Amino acid sequence: MSDRQRGDAPALAPAPRAQAGPAPRWREDFPVPWAADHYVTRRELAKFLTLGSALLAAANGVIAAVGRWGRRAPPASRTVITKASAVPAGGSLLFRYPTADDPCILVRGDDGVLRAFSQVCTHLSCAVVHRADRDELFCPCHHGVFSATDGRPIAGPPTRRLPVIRIDQHDDDVVAIGKEP
Amino acid sequence: MDTTARGTALMTAICAFVGFIVIIQLWLVSAALDALLSGDRTVLAPAAVASLVLALVNGGLLLHALHFDRAVRRAAR
């Protein structure tokens, strides 16, 4: 037996007809009174919220399962990016690491140190570019700004830092040796 | 306070509390997703356990309310 049939809902009589005679066509098509259609008891609301709560718990479980058994980043490989002398102070170079689908950017800061980051903005995945005059990485889509020193977001909508590409230098070769999330 | 008023207050309080817990669970889902995407997998299991506990609390509250409701209706007959 439903809650309404038990009598705890207010009496919801059908709307009075405007005039005697046969019911208009629209009322035959929609016989449920408007008020009854929108009436939700606290009991129904609590059941609905509890169902939503269970679904959210399941979603959290799925996220945890993906984190536990999902695809992980491929093991780090060593890839020669370029010659160190090819990147002047304030300059930058685009490369792909660890796969051809992962755009990255190598920058040489004002201090002369080479650093590499993923080029994919952590906001909505646009490609960031190097702004040498401010020594920062700029996303032109929504004006997100990241530090070119450590990749952390310093302005705009991004909240997560850019993944750092670990690099090593052998003689004049700049070698990518891993990616930090 | 008569039984009907107690029942009304109980259901209202439970609805408010369950809604509050659902909001916390929404935050947990978004935080867990953010952590997963940023590669921090250490918080995922605790978030899932916390969300499960909150869902069980919600279920317990709902069962309590329904049990109370059933008892009141049985007594009224």
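Values quoted throughout were computed directly from the atomic coordinates according to the rules given, and no laboratory measurement underlies them. Values in this document were obtained by computation on a predicted structure and should not be read as measured data. Note that we place each Cβ from the backbone using ideal geometry, even for glycine, and neighbour counts take in every protein chain shown.
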(message) If I take R0 = 45 Å and measure r between the Cβ atoms of B:Leu56 and A:Asp173 in this structure, what FRET efficiency does the formula 1/(1 + (r/R0)^6) give, to the nearest 0.05?
(response) 0.20
(request) On a C-alpha basis, how far is the centre of region B:16-77 from the centre of region A:88-129 in Å? Whole number, if you could? (result) 42 Å
(request) Please give the helix A:42-69 orientation as an angle from the longest Cα principal axis of chain A, in degrees from 0 to 90, rounded to the nearest 10. (result) 20 degrees
(message) Just want the ordering: A:Ile154, A:Ile167, B:Ile23, from fewest to most Cβ atoms lying within 10 Å of their own Cβ.
(response) B:Ile23, A:Ile154, A:Ile167
(message) What do you get for the angle between helix B:44-76 and the principal long axis of chain B? Use alpha-carbon atoms, 0 to 90 degrees, nearest ten.
(response) 10 degrees
(message) Quick check: pseudo-label points 7 Å beyond the Cα along Cα→Cβ at A:Glu44 and A:Arg25, how many nm apart are they?
(response) 3.0 nm
